[in-house]
Amino acid sequence: MTAYWDNGPVQLYQADARSIPLPDQSVHCVVTSPPYFGLRVYKDNDDRGIGLESTVEDYIGNLVDVFRDVRRVLRDDGVAWLNLGDSYAHDRGYQVTDSKHTDVGNNHGSEVPHGLKSGDRLGIPERVVLALQADGWIWRDTIIWAKKSAMPESLAGWRWERCRVKGDNLRIDVNAPNPDRGDGGYGGGEGGIAAKPYAEYADCPGCPKCEANDGLVLRKGSWRTTSAHEYIYMLTKGMGYYADGEAVKTKIANDLRVAEADGTANDTPWNNNPNGHMGTAQSGANRRSVWNDISPEPYGGSHFATFPSDLPRICIQASTSERGCCSECGRQWARVVERTKTGQGHDSPKDINPDRNDGPGLGSLHTQYFDIESTTLGWRPTCNHDASAIPATVLDPFSGTATTCRAAQKLGRRAVGVDISESYLEQAVRRLSAVTLPMGI
(Lines give C-alpha, C1' and ligand atoms only; values in the text may rest on other atoms or scores of the structure.)
Protein backbone atom coordinates (compact mmCIF):
# COMPACT_ATOMS: atom_id res chain seq x y z
CA MET A 1 0.00 0.00 0.00
CA THR A 2 1.27 3.46 -0.90
CA ALA A 3 1.73 5.78 2.04
CA TYR A 4 -0.69 8.68 2.38
CA TRP A 5 2.31 10.83 3.39
CA ASP A 6 6.01 9.99 3.59
CA ASN A 7 8.76 12.33 4.66
CA GLY A 8 11.32 9.60 5.36
CA PRO A 9 11.29 9.30 9.17
CA VAL A 10 7.46 9.29 9.32
CA GLN A 11 4.92 7.50 7.15
CA LEU A 12 1.16 7.90 7.38
CA TYR A 13 -1.26 5.35 5.93
CA GLN A 14 -4.99 5.57 5.39
CA ALA A 15 -6.08 2.08 6.40
CA ASP A 16 -8.15 0.04 8.82
CA ALA A 17 -6.29 -0.71 12.05
CA ARG A 18 -7.16 -4.38 11.62
CA SER A 19 -5.03 -4.51 8.46
CA ILE A 20 -1.81 -2.64 9.23
CA PRO A 21 0.20 -2.15 5.99
CA LEU A 22 3.55 -3.18 7.49
CA PRO A 23 5.67 -6.35 7.31
CA ASP A 24 5.90 -8.83 10.18
CA GLN A 25 8.09 -7.89 13.17
CA SER A 26 9.00 -4.48 11.80
CA VAL A 27 8.00 -2.29 14.79
CA HIS A 28 9.78 -1.81 18.12
CA CYS A 29 7.07 0.05 20.05
CA VAL A 30 3.33 0.70 19.74
CA VAL A 31 1.56 3.57 21.49
CA THR A 32 -2.12 3.98 20.75
CA SER A 33 -5.52 5.08 22.02
CA PRO A 34 -8.44 3.48 20.13
CA PRO A 35 -11.88 5.11 19.86
CA TYR A 36 -13.68 4.60 23.16
CA PHE A 37 -16.87 2.57 23.33
CA GLY A 38 -20.07 4.54 22.78
CA LEU A 39 -18.77 7.61 20.93
CA ARG A 40 -20.50 9.13 17.97
CA VAL A 41 -19.31 8.33 14.48
CA TYR A 42 -16.93 10.76 12.81
CA LYS A 43 -17.75 12.09 9.37
CA ASP A 44 -15.53 10.04 7.13
CA ASN A 45 -15.05 6.77 8.99
CA ASP A 46 -18.62 5.44 9.14
CA ASP A 47 -17.48 2.04 7.94
CA ARG A 48 -14.93 1.47 10.71
CA GLY A 49 -17.42 0.70 13.43
CA ILE A 50 -14.83 0.54 16.22
CA GLY A 51 -16.39 2.34 19.16
CA LEU A 52 -19.87 2.20 17.64
CA GLU A 53 -20.67 -1.45 18.20
CA SER A 54 -24.09 -2.36 19.55
CA THR A 55 -22.59 -4.55 22.28
CA VAL A 56 -19.57 -4.40 24.56
CA GLU A 57 -18.58 -7.87 23.37
CA ASP A 58 -18.41 -6.75 19.73
CA TYR A 59 -16.26 -3.76 20.69
CA ILE A 60 -13.86 -5.97 22.62
CA GLY A 61 -13.76 -8.46 19.76
CA ASN A 62 -12.80 -5.73 17.30
CA LEU A 63 -9.95 -4.53 19.52
CA VAL A 64 -8.72 -8.10 19.92
CA ASP A 65 -8.63 -8.31 16.10
CA VAL A 66 -6.70 -5.04 15.93
CA PHE A 67 -4.14 -6.24 18.43
CA ARG A 68 -3.68 -9.52 16.61
CA ASP A 69 -2.37 -7.51 13.68
CA VAL A 70 -0.39 -5.32 16.09
CA ARG A 71 1.21 -8.49 17.44
CA ARG A 72 2.08 -9.53 13.89
CA VAL A 73 4.00 -6.33 13.10
CA LEU A 74 5.52 -5.92 16.59
CA ARG A 75 8.92 -7.46 17.14
CA ASP A 76 9.20 -10.23 19.72
CA ASP A 77 11.24 -7.82 21.89
CA GLY A 78 8.78 -4.98 21.39
CA VAL A 79 6.26 -3.31 23.74
CA ALA A 80 2.71 -2.11 23.12
CA TRP A 81 1.11 0.66 25.19
CA LEU A 82 -2.69 0.94 25.18
CA ASN A 83 -4.56 4.00 26.52
CA LEU A 84 -8.26 3.37 27.09
CA GLY A 85 -11.07 5.14 28.93
CA ASP A 86 -14.29 3.81 30.45
CA SER A 87 -18.02 4.46 30.00
CA TYR A 88 -21.24 4.32 31.98
CA ALA A 89 -24.35 2.54 30.78
CA HIS A 90 -27.34 4.83 30.42
CA ASP A 91 -30.72 4.70 28.76
CA ARG A 92 -29.87 7.80 26.70
CA GLY A 93 -26.55 6.45 25.51
CA TYR A 94 -23.10 5.96 27.00
CA GLN A 95 -21.57 8.58 29.24
CA VAL A 96 -17.85 8.43 28.67
CA THR A 97 -15.88 9.10 31.84
CA ASP A 98 -12.68 10.60 30.50
CA SER A 99 -12.18 14.31 30.03
CA LYS A 100 -11.33 13.98 26.34
CA HIS A 101 -14.75 12.81 25.25
CA THR A 102 -17.35 14.30 27.57
CA ASP A 103 -18.39 16.82 24.93
CA VAL A 104 -19.36 14.28 22.29
CA GLY A 105 -22.51 12.23 22.11
CA ASN A 106 -23.56 8.99 20.46
CA ASN A 107 -26.99 8.24 19.12
CA HIS A 108 -26.09 4.63 18.43
CA GLY A 109 -25.85 3.35 22.01
CA SER A 110 -29.35 4.12 23.22
CA GLU A 111 -29.88 0.90 25.15
CA VAL A 112 -28.13 -0.46 28.21
CA PRO A 113 -25.98 -3.48 27.25
CA HIS A 114 -27.39 -6.87 28.16
CA GLY A 115 -26.52 -7.93 31.69
CA LEU A 116 -25.89 -4.37 32.89
CA LYS A 117 -28.08 -1.71 34.48
CA SER A 118 -28.47 1.98 33.83
CA GLY A 119 -25.71 3.76 35.74
CA ASP A 120 -23.36 0.78 35.70
CA ARG A 121 -19.74 1.49 34.99
CA LEU A 122 -18.95 -0.74 32.02
CA GLY A 123 -15.36 -1.60 32.96
CA ILE A 124 -14.24 -1.38 29.34
CA PRO A 125 -10.48 -1.06 29.99
CA GLU A 126 -10.41 -4.10 32.28
CA ARG A 127 -12.57 -6.17 29.94
CA VAL A 128 -10.36 -5.33 26.96
CA VAL A 129 -7.05 -6.05 28.66
CA LEU A 130 -8.33 -9.35 30.05
CA ALA A 131 -9.43 -10.34 26.55
CA LEU A 132 -6.01 -9.40 25.17
CA GLN A 133 -4.35 -11.40 27.93
CA ALA A 134 -6.49 -14.41 27.05
CA ASP A 135 -5.52 -13.94 23.40
CA GLY A 136 -1.82 -14.33 24.20
CA TRP A 137 -0.54 -10.93 25.29
CA ILE A 138 1.39 -10.55 28.52
CA TRP A 139 -0.34 -7.92 30.65
CA ARG A 140 2.85 -6.47 32.10
CA ASP A 141 1.69 -3.32 33.85
CA THR A 142 -1.20 -0.94 34.48
CA ILE A 143 -0.41 2.76 34.55
CA ILE A 144 -2.69 5.33 36.15
CA TRP A 145 -2.59 8.55 34.18
CA ALA A 146 -3.50 11.13 36.84
CA LYS A 147 -4.86 14.15 35.01
CA LYS A 148 -3.96 17.61 36.22
CA SER A 149 -7.02 19.18 34.62
CA ALA A 150 -10.17 17.12 34.96
CA MET A 151 -13.16 18.03 32.83
CA PRO A 152 -16.03 19.35 34.99
CA GLU A 153 -19.02 16.99 35.12
CA SER A 154 -22.60 17.52 36.23
CA LEU A 155 -22.53 15.46 39.42
CA ALA A 156 -24.10 17.72 42.05
CA GLY A 157 -26.40 15.16 43.68
CA TRP A 158 -29.70 16.19 45.28
CA ARG A 159 -30.24 19.92 45.83
CA TRP A 160 -32.89 22.64 45.90
CA GLU A 161 -32.37 25.23 43.18
CA ARG A 162 -34.08 28.40 42.07
CA CYS A 163 -36.66 27.61 39.38
CA ARG A 164 -35.75 29.23 36.08
CA VAL A 165 -37.54 29.52 32.75
CA LYS A 166 -36.25 29.83 29.23
CA GLY A 167 -36.49 33.28 27.69
CA ASP A 168 -37.27 34.26 24.13
CA ASN A 169 -33.84 35.71 23.38
CA LEU A 170 -31.25 33.46 21.72
CA ARG A 171 -27.52 34.09 21.71
CA ILE A 172 -24.57 32.60 19.86
CA ASP A 173 -21.42 31.84 21.83
CA VAL A 174 -18.92 33.09 19.27
CA ASN A 175 -15.43 31.81 19.90
CA ALA A 176 -12.46 32.68 17.73
CA PRO A 177 -13.15 31.82 14.06
CA ASN A 178 -11.61 28.59 12.86
CA PRO A 179 -8.84 29.38 10.35
CA ASP A 180 -9.30 25.93 8.81
CA ARG A 181 -12.93 26.65 7.99
CA GLY A 182 -13.96 28.70 4.99
CA ASP A 183 -17.68 28.66 5.59
CA GLY A 184 -17.85 31.29 8.31
CA GLY A 185 -18.63 28.70 10.97
CA TYR A 186 -18.31 29.58 14.64
CA GLY A 187 -17.05 27.77 17.64
CA GLY A 188 -14.27 25.83 19.24
CA GLY A 189 -11.48 28.24 18.44
CA GLU A 190 -9.88 26.01 15.82
CA GLY A 191 -12.09 23.15 16.91
CA GLY A 192 -14.20 23.06 13.79
CA ILE A 193 -17.45 22.49 15.73
CA ALA A 194 -20.20 24.97 14.87
CA ALA A 195 -21.57 26.58 18.03
CA LYS A 196 -25.34 26.32 18.51
CA PRO A 197 -27.63 29.14 19.61
CA TYR A 198 -28.57 28.91 23.28
CA ALA A 199 -31.39 30.51 25.25
CA GLU A 200 -31.14 32.98 28.11
CA TYR A 201 -32.85 31.98 31.37
CA ALA A 202 -34.64 34.07 33.99
CA ASP A 203 -36.14 33.42 37.42
CA CYS A 204 -39.54 31.73 37.24
CA PRO A 205 -42.42 34.12 38.13
CA GLY A 206 -44.21 31.21 39.76
CA CYS A 207 -45.37 27.79 38.54
CA PRO A 208 -46.89 24.64 40.06
CA LYS A 209 -43.42 23.17 40.48
CA CYS A 210 -41.98 25.95 42.61
CA GLU A 211 -44.69 28.20 44.06
CA ALA A 212 -45.22 25.95 47.09
CA ASN A 213 -41.46 25.84 47.77
CA ASP A 214 -40.53 29.53 47.83
CA GLY A 215 -39.55 29.47 44.17
CA LEU A 216 -37.31 26.41 44.54
CA VAL A 217 -37.40 23.04 42.78
CA LEU A 218 -35.78 19.80 43.93
CA ARG A 219 -33.18 18.45 41.52
CA LYS A 220 -32.46 14.75 42.07
CA GLY A 221 -29.11 14.58 40.38
CA SER A 222 -26.68 11.68 40.61
CA TRP A 223 -23.26 11.94 42.23
CA ARG A 224 -19.90 10.23 41.97
CA THR A 225 -16.36 11.50 41.99
CA THR A 226 -15.19 13.45 38.97
CA SER A 227 -13.12 11.25 36.70
CA ALA A 228 -9.53 12.49 36.76
CA HIS A 229 -7.59 9.49 35.53
CA GLU A 230 -7.26 7.02 32.69
CA TYR A 231 -5.51 3.71 32.24
CA ILE A 232 -2.45 2.90 30.16
CA TYR A 233 -1.69 -0.80 29.75
CA MET A 234 1.77 -2.16 29.02
CA LEU A 235 1.56 -5.29 26.86
CA THR A 236 4.34 -7.53 25.60
CA LYS A 237 4.67 -10.67 23.49
CA GLY A 238 7.11 -12.25 25.94
CA MET A 239 9.46 -11.49 28.80
CA GLY A 240 12.45 -10.74 26.58
CA TYR A 241 11.24 -7.25 25.68
CA TYR A 242 13.59 -4.27 25.40
CA ALA A 243 13.32 -1.52 28.01
CA ASP A 244 15.33 1.52 29.09
CA GLY A 245 14.36 2.47 32.65
CA GLU A 246 17.16 5.02 32.85
CA ALA A 247 15.46 7.16 30.22
CA VAL A 248 12.27 7.66 32.23
CA LYS A 249 13.49 7.97 35.80
CA THR A 250 11.72 10.59 37.83
CA LYS A 251 13.68 13.60 39.05
CA ILE A 252 16.39 13.14 36.45
CA ALA A 253 18.96 15.87 36.95
CA ASN A 254 19.53 16.46 33.26
CA ASP A 255 16.03 16.51 31.82
CA LEU A 256 16.33 17.13 28.10
CA ARG A 257 12.60 17.30 27.46
CA VAL A 258 11.42 20.63 26.13
CA ALA A 259 8.65 22.00 28.31
CA GLU A 260 5.43 23.11 26.70
CA ALA A 261 3.91 24.71 29.77
CA ASP A 262 2.04 27.33 27.80
CA GLY A 263 0.18 24.64 25.87
CA THR A 264 1.48 25.79 22.49
CA ALA A 265 3.17 23.58 19.96
CA ASN A 266 6.90 23.52 20.61
CA ASP A 267 8.66 21.84 17.72
CA THR A 268 12.15 21.73 19.24
CA PRO A 269 13.51 18.15 19.22
CA TRP A 270 13.57 16.40 22.60
CA ASN A 271 16.65 14.38 21.72
CA ASN A 272 19.24 16.19 19.70
CA ASN A 273 22.32 14.11 20.55
CA PRO A 274 22.88 10.94 18.52
CA ASN A 275 25.62 9.85 20.93
CA GLY A 276 23.14 9.32 23.75
CA HIS A 277 24.39 11.94 26.23
CA MET A 278 27.43 9.94 27.26
CA GLY A 279 28.98 10.86 30.59
CA THR A 280 25.78 12.40 31.93
CA ALA A 281 25.13 11.53 35.57
CA GLN A 282 21.51 10.70 36.28
CA SER A 283 19.93 10.17 39.67
CA GLY A 284 16.35 9.52 40.60
CA ALA A 285 13.78 6.85 41.30
CA ASN A 286 12.40 4.24 38.98
CA ARG A 287 9.23 5.61 37.40
CA ARG A 288 6.13 4.81 39.46
CA SER A 289 2.86 3.38 38.16
CA VAL A 290 0.98 6.66 38.72
CA TRP A 291 1.95 9.27 36.14
CA ASN A 292 1.09 12.71 37.47
CA ASP A 293 3.72 14.63 35.53
CA ILE A 294 1.87 14.74 32.20
CA SER A 295 0.94 18.31 31.41
CA PRO A 296 -2.33 18.95 29.55
CA GLU A 297 -2.08 20.36 26.04
CA PRO A 298 -4.88 22.03 24.11
CA TYR A 299 -5.18 21.06 20.46
CA GLY A 300 -6.55 23.58 18.02
CA GLY A 301 -7.64 21.19 15.27
CA SER A 302 -10.95 19.41 14.81
CA HIS A 303 -10.25 16.30 16.83
CA PHE A 304 -11.95 15.47 20.12
CA ALA A 305 -9.41 13.12 21.63
CA THR A 306 -5.78 14.15 21.26
CA PHE A 307 -3.74 13.09 24.24
CA PRO A 308 -0.81 15.16 25.59
CA SER A 309 2.50 14.51 23.84
CA ASP A 310 4.15 13.70 27.19
CA LEU A 311 2.17 10.45 27.33
CA PRO A 312 3.63 8.84 24.19
CA ARG A 313 6.99 10.43 24.95
CA ILE A 314 7.37 8.48 28.19
CA CYS A 315 6.21 5.23 26.56
CA ILE A 316 8.57 5.67 23.62
CA GLN A 317 11.57 6.52 25.78
CA ALA A 318 10.94 3.50 28.01
CA SER A 319 10.62 1.06 25.11
CA THR A 320 13.04 2.24 22.43
CA SER A 321 16.73 2.95 22.45
CA GLU A 322 17.92 6.50 22.20
CA ARG A 323 20.91 5.17 20.28
CA GLY A 324 18.83 3.15 17.84
CA CYS A 325 18.86 -0.42 16.59
CA CYS A 326 21.00 -2.67 14.43
CA SER A 327 20.45 -1.93 10.75
CA GLU A 328 20.83 -5.63 9.95
CA CYS A 329 18.68 -7.43 12.56
CA GLY A 330 16.75 -4.65 14.28
CA ARG A 331 17.87 -5.40 17.85
CA GLN A 332 18.24 -2.23 19.88
CA TRP A 333 21.39 -0.86 21.43
CA ALA A 334 21.60 -0.69 25.25
CA ARG A 335 23.32 1.70 27.62
CA VAL A 336 26.66 1.04 29.23
CA VAL A 337 25.92 2.23 32.76
CA GLU A 338 28.11 2.79 35.82
CA ARG A 339 26.30 2.97 39.15
CA THR A 340 27.81 4.56 42.25
CA LYS A 341 26.56 5.16 45.79
CA THR A 342 26.30 8.79 46.78
CA GLY A 343 25.76 10.45 50.13
CA GLN A 344 25.61 8.72 53.50
CA GLY A 345 23.61 5.58 54.10
CA HIS A 346 20.40 5.89 56.09
CA ASP A 347 18.30 3.35 57.94
CA SER A 348 14.90 2.23 56.75
CA PRO A 349 12.19 4.22 58.56
CA LYS A 350 9.57 1.47 58.17
CA ASP A 351 9.87 -0.31 61.51
CA ILE A 352 11.43 0.18 64.91
CA ASN A 353 13.66 -2.66 65.99
CA PRO A 354 13.01 -3.31 69.71
CA ASP A 355 16.45 -4.92 70.02
CA ARG A 356 18.17 -1.74 68.95
CA ASN A 357 18.81 1.35 71.03
CA ASP A 358 20.29 3.56 68.36
CA GLY A 359 17.33 4.40 66.21
CA PRO A 360 15.09 2.93 63.55
CA GLY A 361 15.80 -0.36 61.87
CA LEU A 362 13.95 -2.86 59.70
CA GLY A 363 12.75 -5.78 61.81
CA SER A 364 15.75 -7.47 63.33
CA LEU A 365 18.01 -6.21 60.56
CA HIS A 366 19.95 -3.00 60.31
CA THR A 367 19.28 -2.06 56.66
CA GLN A 368 20.94 0.96 55.13
CA TYR A 369 19.93 2.60 51.87
CA PHE A 370 22.13 4.76 49.67
CA ASP A 371 21.31 7.19 46.90
CA ILE A 372 22.39 5.66 43.61
CA GLU A 373 23.75 7.76 40.80
CA SER A 374 24.06 6.19 37.36
CA THR A 375 26.23 7.45 34.55
CA THR A 376 25.82 6.49 30.91
CA LEU A 377 29.31 5.74 29.63
CA GLY A 378 28.21 4.82 26.13
CA TRP A 379 26.09 2.41 24.12
CA ARG A 380 26.64 -1.11 22.82
CA PRO A 381 24.67 -3.26 20.40
CA THR A 382 22.78 -6.24 21.84
CA CYS A 383 23.60 -8.39 18.80
CA ASN A 384 26.85 -9.59 17.21
CA HIS A 385 26.48 -7.79 13.90
CA ASP A 386 29.03 -5.26 12.77
CA ALA A 387 26.38 -2.91 11.44
CA SER A 388 25.44 0.71 11.89
CA ALA A 389 22.61 1.87 14.13
CA ILE A 390 19.39 3.28 12.74
CA PRO A 391 16.42 4.77 14.62
CA ALA A 392 13.87 2.42 16.18
CA THR A 393 10.33 2.39 14.76
CA VAL A 394 7.17 3.44 16.62
CA LEU A 395 3.62 2.64 15.44
CA ASP A 396 0.20 4.08 16.24
CA PRO A 397 -2.60 2.11 14.51
CA PHE A 398 -5.16 4.76 15.58
CA SER A 399 -2.94 7.74 14.86
CA GLY A 400 -5.61 10.44 14.58
CA THR A 401 -3.73 13.72 14.29
CA ALA A 402 -0.40 11.94 14.88
CA THR A 403 0.49 12.92 18.45
CA THR A 404 2.41 9.64 18.87
CA CYS A 405 4.21 10.11 15.55
CA ARG A 406 5.04 13.69 16.45
CA ALA A 407 6.51 12.61 19.80
CA ALA A 408 8.53 9.86 18.09
CA GLN A 409 9.74 12.30 15.46
CA LYS A 410 10.93 14.78 18.10
CA LEU A 411 12.74 11.97 19.93
CA GLY A 412 14.62 10.95 16.80
CA ARG A 413 12.70 7.72 16.18
CA ARG A 414 11.00 6.61 13.02
CA ALA A 415 7.21 6.51 13.16
CA VAL A 416 4.27 4.99 11.32
CA GLY A 417 0.72 6.26 11.76
CA VAL A 418 -2.39 4.46 10.54
CA ASP A 419 -5.86 5.97 10.48
CA ILE A 420 -8.97 5.52 8.36
CA SER A 421 -10.00 9.18 8.57
CA GLU A 422 -8.65 11.37 5.78
CA SER A 423 -9.50 14.56 7.67
CA TYR A 424 -7.33 13.44 10.60
CA LEU A 425 -4.51 12.52 8.25
CA GLU A 426 -4.67 15.99 6.71
CA GLN A 427 -4.30 17.52 10.17
CA ALA A 428 -1.48 15.10 10.95
CA VAL A 429 0.48 16.18 7.88
CA ARG A 430 0.25 19.83 8.96
CA ARG A 431 1.42 19.01 12.50
CA LEU A 432 4.30 16.78 11.42
CA SER A 433 5.49 19.20 8.75
CA ALA A 434 6.11 21.79 11.48
CA VAL A 435 8.46 19.54 13.50
CA THR A 436 12.20 20.20 13.27
CA LEU A 437 13.99 16.90 12.80
CA PRO A 438 16.75 15.92 15.25
CA MET A 439 20.28 15.47 14.00
CA GLY A 440 21.03 12.07 12.53
CA ILE A 441 17.51 11.20 11.36
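To keep it simple, each residue is scored yes or no on (1) touching a helix residue (DSSP H, G or I) at 6+ places or on another chain (Cβ under 6 Å); (2) of a type outside the set (A, V, I, L, M, F, W, C); (3) surrounded by fewer than 16 Cβ atoms within 10 Å (Cβ to Cβ); (4) at pLDDT 80 or above.
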position: GLN332; (1), (2), (3), (4): no, yes, no, yes
position: ASN353; (1), (2), (3), (4): no, yes, no, no
position: LEU362; (1), (2), (3), (4): no, no, no, no
position: ALA389; (1), (2), (3), (4): no, no, no, yes
position: ILE420; (1), (2), (3), (4): no, no, no, yes
position: ALA434; (1), (2), (3), (4): no, no, yes, yes
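For the stretch 201-220, residues that are exposed (fewer than 12 other Cβ atoms within 10 Å of the Cβ) and touching a Leu at 6+ places or on another chain (Cβ under 8 Å) total 0. Of the strands (runs of 3 or more DSSP E) lying entirely inside the stretch 141-249, those containing at least 1 residues that are within 27 Å of GLY119 (Cα to Cα) and modelled with pLDDT of 80 or more are 158-162, 216-220, 229-236. Scanning the stretch 62-72 for residues that are farther than 20 Å from ILE232 by Cβ and touching a residue at least 60 places away in the same chain (Cβ under 8 Å) turns up ARG68, ASP69.
The values are calculated or read from the model by the stated rules, or taken from the named source; none is laboratory data. Being a predicted model, the structure only gives us computed values, none of them experimental. Using ideal geometry, Cβ is built from the backbone for each residue, glycine included, and neighbour counts are taken over all protein chains shown.
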